[in-house]
Amino acid sequence: MLSSLSSTISRLNLFYPKPSIPYSLSSCLKTLKPQPIIPRWSPLHSLSTHSTSRLSTSLKPQFETLVSKDDLVVLGIETSCDDTAAAVVRGNGEILSQVVSSQADLLAKYGGVAPKMAEEAHSQVIDQVVQEALDKANLTATNLSAVAVTIGPGLSLCLRDEFVPVKTCATRLKNGSISKPYREVLMEYVNLGFQLVGVRKARKLAGSFNLPIIGIHHMEAHALVARLIERELQFPFMALLISGGHNLLILAHDLGHYIQLGTTIDDAIGEAYDKTAKWLGLDMSRSGGPALEELAREGDAESIKFSVSYLSYFLFVHLLIFSLLSCLLECTPMKQHKDCNFSYAGLKTQVRLAIESKNMYVENTKLLLSLIMCSNAEIPISSASSQDRRSRADIAASFQRVAVLHLEERCDRAIEWARKIEPSIKHLVVSGGVASNQYVRARLDHVVTKNSLQLVCPPPKLCTDNGVMVAWTGIEHFCMGRFDPPPPADEHEDYMYDLRPRWPLGEEFAEGRSEARSLRTARIHPSLTSIIQASLQQQ
């Protein structure tokens, strides 16, 4: 199995090559033969067993002193979705700066993320955001120890079994030269260069100033930022990571070692919040979640008996039957499935049908299937009558109650599973954009109290996508020797970037494997955990 994984890693040219000597040592190591910089990513390796072996005995004490965690200063860059973010963090946890450029105007205009527009917005502001982060920290790039950047999961311009130069990706998609099944995957992300913008900027900066570069897993960063805020948080711990694109329950054994207890089967909770908010005609400039949570406070959470199931919302007949049954009998989300996975597609369908039944659309003669596929005929809530507003508030409150109940039930079961593996766990970390929701926090606090755990939630500004979490995760991995050498300063514009839109964080827990797994969760890259574990065994 190890040999098979090793060959897979080699074939995919994955992210971390053998680590280079940190920049802070460059002045005292000029006599050493420089290592070639290979323009591809390789598996992670431990600094203690590789780089230090290249140091003379007299230099080892100096090396160990210079790479003290407190001395590190890392720039983090995050562009995996619709926020362009950068931050500078010191190894002792001090946040020197944090800058986020949101796309609120685009969210409001398009009712959500508009891929091509969002990519262009990233490109327009990335230089400014990074420079502002450095300026606010009163530093220049020469003061940095390394640059950390998100490489996945998220949205990227190009997916293929081998890396494809950026300029040729669109052409290959048009002429059909990208073979199945990768073409099907690529179609979902066509014209998306979110990660590419950040990675290109990070490599340019690192190459210009001879800085090591650290590729970051987006979901791991959401989990580890809790260790920046709660310094007493030690491994092992549990984490629930909830956002617009992800629902993930993990057991964190150690840095880079995670077990996936549950994930999303179809839609994530943040996606369900955003779509419901859009259909209710709410202000999308802050994303749908905050607006829906605010409206839900005005409604009756018991007024509509929503539920969630694995039913496909493309099956018209099933939709009608399921909708009728849910009106007669309230059932908790996916209760018949004894796992820790999540599904919100069915709940979204019922919300859509409930809105249609209350005539909240300008065009009420559209076919049901067309409505389910997200028409833009919603009446803004600002134009709604008082009765209409109350109906919307009831839908929002009822949706939120069932959506969060789903989280509660899955967390309960995941805690039971996790304790069988690691009886010593004491904390549940809840992070990701949806973790900013106060109703979510209150309900999950009830769950952890019942299970004698402690809830750890980063502040809202560190729950949503940000550069701080990327920089801090970079610091944690850098201290373990998991980083890339500086890229070439004159890297070609057609350099083949390694982006990982589908990159599992950990291996699935055996009891958590779902028979209803969607094809959308098909793996393209081996998990971060498997890469690290395999590289450690190869040393």
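What the table shows:
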{"item": "R0 of 30 Å, Cβ-Cβ distance GLU298-THR449: FRET efficiency to nearest 0.05", "result": "0.60"}
{"item": "Solvent-accessible surface (1.4 angstrom probe) belonging to LYS426, in square angstrom, nearest 10", "result": "130"}
{"item": "Interatomic Cα distance distribution for the range 390-457, bins of 10 angstrom, percent", "result": "19, 48, 24, 7, 2"}
{"item": "Segment PHE235-GLN131, length gained on full extension (0.36 nm per residue, minus Cα span)", "result": "34.0 nm"}
{"item": "Cross-link partners of LYS204 among aspartates and glutamates (Cα-Cα below 12 Å; sequence separation of 8 or more within a chain)", "result": "ASP127, ASP490, GLU491, GLU493"}
{"item": "Placed amide H near ASP267: partners under 5 Å, 5+ positions off or other chain", "result": "TYR344, ALA345"}
{"item": "Loop trypsin sites (Lys or Arg not before Pro), the range 217-311 (other Cβ atoms within 10 Å of the site Cβ: 16 or fewer; DSSP)", "result": "ARG231, ARG286, ARG297, LYS305"}
{"item": "Highest-first arrangement of 438-446, 478-486, where packing means the average Cβ count within 10 Å", "result": "478-486, 438-446"}
{"item": "Distance between modelled label sites at THR142 and GLU493, nm, 7 Å Cα→Cβ extension", "result": "2.9"}
{"item": "Whole-number accessible area per residue in Å² for the range 401-483, which is evaluated in the context of all protein chains at 1.4 Å", "result": "32"}
{"item": "Extension gain from GLU511 to ASP71, taking 0.36 nm per residue of separation minus the Cα-Cα distance", "result": "154.1 nm"}
{"item": "Gyration tensor (alpha-carbon) shape descriptor, the range 370-493, a/c threshold 1.5", "result": "oblate"}
{"item": "Mean Cβ count within 10 Å, highest first, over the residues of peptides 258-271, 137-150", "result": "258-271, 137-150"}
{"item": "Two-decimal ratio, the range 208-267, of alpha-carbon radius of gyration to 2.2 N^0.38 Å", "result": "1.31"}
{"item": "Of LYS275/LYS450; LYS426/LYS450; LYS348/LYS461, pairs whose Cα-Cα distance is over 24 Å", "result": "LYS275/LYS450; LYS348/LYS461"}
{"item": "Mean Cβ neighbour count within 10 Å, used as a protection proxy, ranking 412-419, 427-434, 528-535 highest first", "result": "427-434, 528-535, 412-419"}
{"item": "Accessible surface of the range 408-539, 1.4 Å probe, proportion on carbon and sulfur as whole %", "result": "51"}
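The values are calculated or read from the model by the stated rules, or taken from the named source; none is laboratory data. Small disclaimer: the values here were computed from a predicted structure and weren't measured. Using ideal geometry, Cβ is built from the backbone for each residue, glycine included, and neighbour counts are taken over all protein chains shown. Quick note on the areas: whole protein, heavy atoms, side chains included, nothing else; ligands and nucleic acids left out. Shrake-Rupley method; radii C 1.70, N 1.55, O 1.52, S 1.80 Å.
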